[in-house]
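Here is the structure we will look at, set down as structure tokens.
The values are calculated or read from the model by the stated rules, or taken from the named source; none is laboratory data. Given the structure is predicted, the values throughout are model-derived calculations rather than measurements. Note that each Cβ is placed from the backbone with ideal geometry, even for glycine, and that neighbours are counted across all protein chains shown. Only protein heavy atoms, including side chains, enter the accessible area calculation; ligands, DNA and RNA are left aside. Shrake-Rupley method; radii C 1.70, N 1.55, O 1.52, S 1.80 Å.
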2 protein chains.
Amino acid sequence: MLQLFRYNWMVRDEWFQLCRQIPTDELLRERIGGAGSILYTLFHILDVEYSWLRGIQEKPDIQVEFEDYKSIQQLQELSDTWRAELEPYLEAWTSSLDHEAAKVPWATGQYTKGEIVRHVIAHEIHHMGQLSIWARELGLRPVSANVIGRGLFKQEG
Amino acid sequence: MLQLFRYNWMVRDEWFQLCRQIPTDELLRERIGGAGSILYTLFHILDVEYSWLRGIQEKPDIQVEFEDYKSIQQLQELSDTWRAELEPYLEAWTSSLDHEAAKVPWATGQYTKGEIVRHVIAHEIHHMGQLSIWARELGLRPVSANVIGRGLFKQEG
């Protein structure tokens, strides 16, 4: 499980890097589909990951406002801070948690913790796919979505 | 691991269903970014999944041509056939395979089997994110990317 979070975080950092060359008005431009703008999509990814992963730890939800994070620099810092908080929980993850019930205040459904961590993983990958289209529309080469070739997995022997 | 494949297959079937209402010229229209067209993206997803998952089983690669699968009906049938072949392998998957070395004829790198199955999962989610943008551009509501709420996970007790 941890490897796919590490993958997402690596890809996210590469997107932050790429976005530094995009003018602010393009980062904030409302686009068709997805979460709206490039910058808001990045904010939304952080927010969803942090909320759900705190939720399954039964920690209270922390509300943040996009208005306060409208630059790549601010988002990168928020991402770094939240990641540092979440990483130990994910490092300690075992498959025994997969079927444990999770209840979060903002959703009525009954979910398992395994379901939620996979939801968070897929959520980021999905939105990064949307960013890749918008990057091409801006004439930029998107960040690679490859999981392979990132040195995330060690071989036996 | 299996649950994220089941998620991808469920989402894929929903995309096949949605795409039945899109005219063929729109399905085949070259778009900016991604793999090119909606139909080719779906073909590419199937092809990548099948090739890598046969590859790590050390089965010979089977080449198929997009020219032969240029309709949703044909792609759905191909998807059903390949999925039926791949599912038993993924059902029998255990984490002991994660660090086993895998070598496929079309790639020079040394990968692990766990790395490749995660690559295949992320690959499909990424491309589905691209399809979601194109669907909105066509005025359609995209298939939900949610992992939660699909009944894929059983709770304890």
Might you work out the accessible area of B:Leu18 for me, using a 1.4 Å probe with all protein chains in place, and round it to the nearest 10 Å²?
30 Å²
Per-residue accessible area, 1.4 Å probe, largest first, puts A:Tyr40, B:Tyr50 in the order A:Tyr40, B:Tyr50
Inter-copy label distances at A:Gln155, 7 Å along the Cα→beta-carbon direction, one decimal in nm, shortest first?
4.5
For B:Ala102, enumerate residues with amide H under 5 Å from its amide H, sequence gap 5+ or separate chain, H modeled in the peptide plane.
B:Tyr111, B:Thr112, B:Lys113
Based solely on its DSSP helices, what 222 nm [θ] is calculated for chain A when runs of n ≥ 4 H residues each add -39,500 (n - 2.57) and the sum is averaged over all residues, nearest 500 deg cm²/dmol?
-18500 deg cm²/dmol
If you put a point 7 Å past Cα along the Cβ direction, how far is that point for A:Trp93 from the same point in each other copy, in nm, smallest first?
1.4
Region B:126-157: trypsin sites (Lys or Arg not before Pro) in DSSP coil with no more than 14 other Cβ atoms inside 10 Å:
B:Lys154
Counting only residues 5 or more places away or on other chains, whose amide H sits under 5 Å from the amide H of A:Arg29 once H atoms are built in the peptide plane?
A:Ile38
For region B:26-61 versus region A:1-80, the gap between their alpha-carbon centres in whole angstrom:
28 Å
Accessible area of B:Met10 in the full protein assembly, 1.4 Å probe (Å², nearest 10)
60 Å²
Plugging the Cβ-Cβ distance of B:Lys70 and B:Glu91 into 1/(1 + (r/R0)^6) at R0 = 25 Å yields, to the nearest 0.05, a FRET efficiency of 0.20
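Summing both sides, how much accessible area is buried between B and A? Use a 1.4 Å probe and give Å² to the nearest 100.
Details: alone 8820 and 8800 Å², together 14010 Å².
The B and A chains share an interface burying roughly 3600 Å².
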Over chain A, relative contact order from alpha-carbon pairs under 8 Å, at least 6 apart, %
30 percent
Please work out which residue of chain A brings its Cβ closest to the axis of the rotation superposing A onto B, and round that distance to whole Å.
A:Gly129, 1
Can you compute the FRET efficiency between B:Val48 and A:Glu58 using 1/(1 + (r/R0)^6), with r the Cβ-Cβ distance and R0 = 51 Å? Round to the nearest 0.05.
0.85
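Over region B:2-137, with the other protein chains present, what is the accessible area per residue in square angstrom, probe 1.4 angstrom? Working shown, then result.
Details: 5690 Å² over 136 residues.
Counting only protein heavy atoms, the per-residue value for region B:2-137 is 42 Å².
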Could you tell me the center-to-center distance, by alpha carbons, between region A:91-157 and region B:91-126 in angstrom?
16 Å
Ignoring ligands, DNA and RNA, please state the percent of accessible area on region B:21-157 from carbon and sulfur, probe 1.4 Å.
48 percent
For B:Gln21, go 7 angstrom from Cα along the Cα-to-Cβ vector, then report the distances to that same point in the other copies in nm, smallest first.
4.0
Taking a probe of 1.4 angstrom, what is the accessible area of B:His44 in Å², to the nearest 10?
50 Å²
Square roots of 5 times each gyration tensor eigenvalue, C-alpha, the protein assembly as shown, largest first, Å
29, 26, 20
Kirkwood radius from Cα pairs of region B:32-122 plugged into Stokes-Einstein at 10 °C, 1.306 mPa s, gives D in µm²/s equal to 112 µm²/s
